[in-house]
Amino acid sequence: MFGDDDKADGAPPPPPVLNKDPKTDPNFRIWGMRFRPEWVIDPSSNAYYRWLAILSVAIIYNTVIVVPRACFDELQNPEYLTAWFVLDYFSDAMYFADMVIHVLTGHLEQGLLVREPRKLIRSYLRSFTSKLDILSILPTDLIYLSTGIKSPAPIVRINRLLRLPRLSEFVYRTETRTNFPNAFRIGNLIVTIIIIIHLNGCIYYAISKNIGLASDAWVYPGAAYWRVGVKADVTGKHEDLQIPMDKATLGEHFHGHMNEEEHINKSSTPAELHPFYAHRFEHGGDHGSNEKGDSNTTSASHRLQRREASHGSPSGGGHGGPSGGGYTLNQLRNMTQDQREHYLQNFTDSPRTNYDDPLIQKYVWSFYWSTLTLTTIGEVPGPVKESEYIFVIVDFLVGVLIFATIVGNVGSMISNMNASRVEFQNRMDGVKQYMEFRKVGKELENRVIKWFDYLWSNKQSLDEESVLSSLPDKLKAEIAMHVHLDTLKRVSIFQDVEPGLLVELVLKLKLQVFSPGDYICRKGDIGKEMYIVKRGRLSVVADDGVTIFVTLSDGSVFGEISILNIVGNKTGNRRTANVRSIGYSDLFCLSKDDLWDALT
């Protein structure tokens, strides 16, 4: 009947053995080596927080840089590769170190910090975080061996973003540590939105590059917005870009700051269709002409008509320049793709394609487009292809969520920042309405309003009891001792009091504020409280209110005689003097009942 079979199923595990000896306990040995308990990191310590701050730099680097490197070819130029490799593998080393620190981070078990290495390793490997850590450090860079390091090869490092939960942990711990949580939340929200817009802009450019830059109105526009230029060949002959004459082709090739309809409504001459052509005909169209001053006196369209009459149509599809002063309008219309590519590559100052635009130009436009889209402002060219529609739909959905998040968070933060002011103002308005309803005199009403102003200006509008009500008595006593200790040290009757009794008395002190001219007590009144002067000056006056016997200042005590029931005291619990506040005075009040409750 006393065997093991009689043990109840599901019995609670035995309590942990405290004060284990690390030198003899096998739980403190791992892989044949003795593990020191002091190696375990307390997650609430400053050292752990500092490590999270350092790790966050590596996580932010991977979050902000990996996607742009995969989208913009310029970031993978040879002059940047050394820097990227150093930063990449330095961040990878930090990721490895974080895995070790994560294993060494203790956790609470039955209120105690676990320090046994076997338990720590087992707990880490069973957690979902360990899976993310392992996936985030996989050597995906080895794919460079087969793909090279040109864009979009860096996208193989996208798994480094799986460490974002550690960044979230750092943000949470910073929010709990800072003295300005609302300002930190607003800053965190702004940075998060900027990073999302940044990544979305990079993806937009990558899609534009895949579809073809300047291939339609939606993708990255390029030359239609930014550049004009001309470069003469050695013979002084020029070719011009293809001039689309029908509506569909015109809308496909010219979309810049003007929309398709604006282009179509313009004159059909090349100089008026696009500023690129105006520059061409004004500065280089008549190099072969013998007429002096023609470029200054004749319009581009007249010169173009004269060329049409004198040269005819092109005779072939070769890459050589035209004979005479330039191509005619018919030649421009019939120019082949090979001729256009040959001209762009050899006879213009402009980059051959939009792919050669400066990096800052590409990024700024993409970031601008992303900002307008995600903030739901709009005013960007509409999509044309199905893939563009899909991306814009996703962007709009994300933008709606971002907009709702901004409105909700900012509204909540502003409300929290002004919560104490609103609550105080409501209390003040309630008193003012009551005085108005009861027809209180104007002088007394002004004194009440000034009293409220004094409370707010001196940060005494908080209800300390309600604020600290959620704390246990031990912590409340420590906070009260810290706040009121300087005042209590100046009180002579408390200098020899036992620490335990002093703590009890501190918890029962209540702050009261008196206005100038207020009588705290009058001679002959029944005394139910004693007072300690925290700040301000008071005068003990005669019955006439003019004669001043003594002035009380910080640390002074009065009213104790009437509540101590001193044997032989002839006045009993009656007040023996008149005490009046000279200015605004902050007094600690201790009632008779609370005093005797602490003493007994």
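The values are calculated or read from the model by the stated rules, or taken from the named source; none is laboratory data. Just so it is clear, the structure is predicted and the values come from calculations on it, not from any experiment. Using ideal geometry, Cβ is built from the backbone for each residue, glycine included, and neighbour counts are taken over all protein chains shown. Side chains are part of the model used for accessible areas, which takes the heavy atoms of the whole protein and leaves out ligands, DNA and RNA. Shrake-Rupley method; radii C 1.70, N 1.55, O 1.52, S 1.80 Å.
Observations
- Accessible-area ranking of Ser553, Ser56, Ser168, largest first, probe 1.4 Å: Ser168, Ser553, Ser56
- The gain in end-to-end length when the Leu397 to Asp597 segment is fully stretched comes to 65.6 nm, 0.36 nm per residue minus the alpha carbon separation.
- 3J(HN,Hα) along region 399-413, derived from phi through the Karplus expression 6.51 cos²θ - 1.76 cosθ + 1.60 where θ = phi - 60°, amounts to x, 4, 5, 5, 4, 5, 5, 4, 4, x, 5, 5, x, 5, 5 Hz, with x in place of Gly and Pro.
- Backbone HN-Hα couplings from phi across region 191-203 [Karplus 6.51/-1.76/1.60, Hz, Gly and Pro as x]: 5, 4, 5, 4, 5, 5, 4, 4, 5, 5, x, 5, 5
- If you plug the beta carbon distance of Glu379 and Glu109 into 1/(1 + (r/R0)^6) with R0 = 60 Å, you get a FRET efficiency near 0.55.
- Euclidean distance of C-alpha centroids, region 108-144 and region 410-463, integer Å: 53 Å
- In this structure the amide hydrogen of Thr105, modeled in the peptide plane, comes within under 5 Å of the amide hydrogens of Ile41, none closer than 5 places in sequence on its chain.
- One chain, two ends: Phe85 and Val546. Fully extended at 0.36 nm per residue, the span grows by 157.5 nm beyond their Cα-Cα distance.
- Largest first, the residues Val156, Val394 sort by 1.4 Å accessible area into Val394, Val156.
- Summarising the amide proton neighbourhood of Arg535: residues at separation of 5 or more, or on other chains, whose placed amide H is nearer than 5 Å comprise Asp586.
- Whole-Hz couplings from phi, Karplus 6.51/-1.76/1.60, listed for region 77-85; x for Gly and Pro: 5, x, 5, 9, 4, 4, 4, 5, 4
- Rounded if a/c under 1.5, otherwise prolate or oblate - region 420-551, Cα gyration tensor axes: oblate
- 5 angstrom amide H check on Ile520, placed H, neighbours 5+ away: Val579, Arg580, Ser581
- Taking 25 Å as the limit for the C-alpha separation, the pairs Lys150/Lys209; Lys476/Lys523; Lys432/Lys592; Lys450/Lys528; Lys474/Lys528 exceed it in the case of Lys476/Lys523; Lys432/Lys592; Lys450/Lys528; Lys474/Lys528.
- Residue-span extension gain [Leu471 to Ser387] - 0.36 nm each, minus C-alpha spacing: 24.5 nm
- Distance from the Cα centroid of region 518-539 to that of region 155-202 is 55 Å (rounded to whole angstrom).
- Residue-normalised accessible area of region 416-507, given per residue in Å² at a 1.4 Å probe: 73 Å²
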